[in-house]
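Beneath this line is the structure, given in structure tokens, with notes to follow.
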Amino acid sequence: PGAGADFSGAVHTMAASKDELETLLAQQKIKKGPHLSINWGRNIELIGLDDEVYLVGHTDDCRVRLKGRRWFGRIAASLEKRKGIWWIHARSPFWNPVRIGGSKLQKKRKLRTPTVIRIGELKIRFSPGEG
């Protein structure tokens, strides 16, 4: 076709760089198992839940760091795997309330289905995985 040819009916393919392809494959692998999707404004971060305990809060030990000052040393919540079941524990409900479905989590709750968790301004989605 010439320079002014109409390509409106053409099938287009998108080329991805090697890094983009590796990122997509890594994300697909994470999504197969239990994971967290963290909404950081314009970016979504996926964290595969491979270990037994994950902390959310202001300390350096927290896998998911909340905005704010770390010298308060507060842990807002922990996600823990016990006998194959994931649980969320509210660790400082007064300072950093954990909300699930609009209601405040008082102590702990089983996580079996995709669940949206709010801690402060941060929105986290727990998923048990596709596998």
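The values are calculated or read from the model by the stated rules, or taken from the named source; none is laboratory data. The model shown is predicted, which means the values in this text are computed figures rather than measured ones. Note: ideal-geometry Cβ built from the backbone for every residue, glycine included; neighbour counts use all protein chains shown. Accessible surface is based on the protein model in full, side chains and every heavy atom, while ligands, DNA and RNA are left aside. Shrake-Rupley method; radii C 1.70, N 1.55, O 1.52, S 1.80 Å.
Of the residues making up segment 20-69, those that are hydroxyl-bearing (Ser, Thr, Tyr) and either touching a His at 6+ places or on another chain (Cβ under 8 Å) or over 18 Å from Trp95 (Cα atoms) (or both) are Thr23, Ser37, Tyr54. Residues that are in contact (Cβ under 8 Å) with a residue 40 or more places away in the chain and more than 23 Å from Thr59 (Cβ to Cβ) within segment 84-131 comprise Ser127, Pro128, Gly129, Glu130, Gly131, listed in sequence order.
Total residues in segment 113-131 satisfying the condition of being at pLDDT below 90 and among the charged types (D, E, K, R): the figure is 2.
Taken over segment 47-62, the criterion of being modelled with pLDDT under 90 and open to solvent by 70 Å² or more (accessible area, probe 1.4 Å) is satisfied by Asp50, Asp51, Glu52, Asp60, Asp61.
Against the numbered list (1) touching a residue at least 60 places away in the same chain (Cβ under 8 Å); (2) touching a Gly at 6+ places or on another chain (Cβ under 8 Å); (3) crowded, with 16+ Cβ neighbours inside 10 Å, Ala77 comes up short only at (1). Within segment 15-34, residues that are in a helix (DSSP H, G or I) sit with their Cβ atoms under 8 Å from residues that are acidic (Asp, Glu), at 6+ positions apart or across chains, in these pairs: Lys31/Glu130; Lys32/Glu130. Within segment 39-62, residues that are under 16 Å from Trp87 (Cα atoms) and of a type in the set (A, V, I, L, M, F, W, C) have Cβ atoms under 9 Å from residues that are open to solvent by 30 Å² or more (accessible area, probe 1.4 Å) and assigned to a strand (DSSP E or B) in these pairs: Leu49/Lys81; Val53/Lys81; Leu55/Ile75; Val56/Arg65; Val56/Ile75, counting only partners at least 6 apart in sequence or on another chain.
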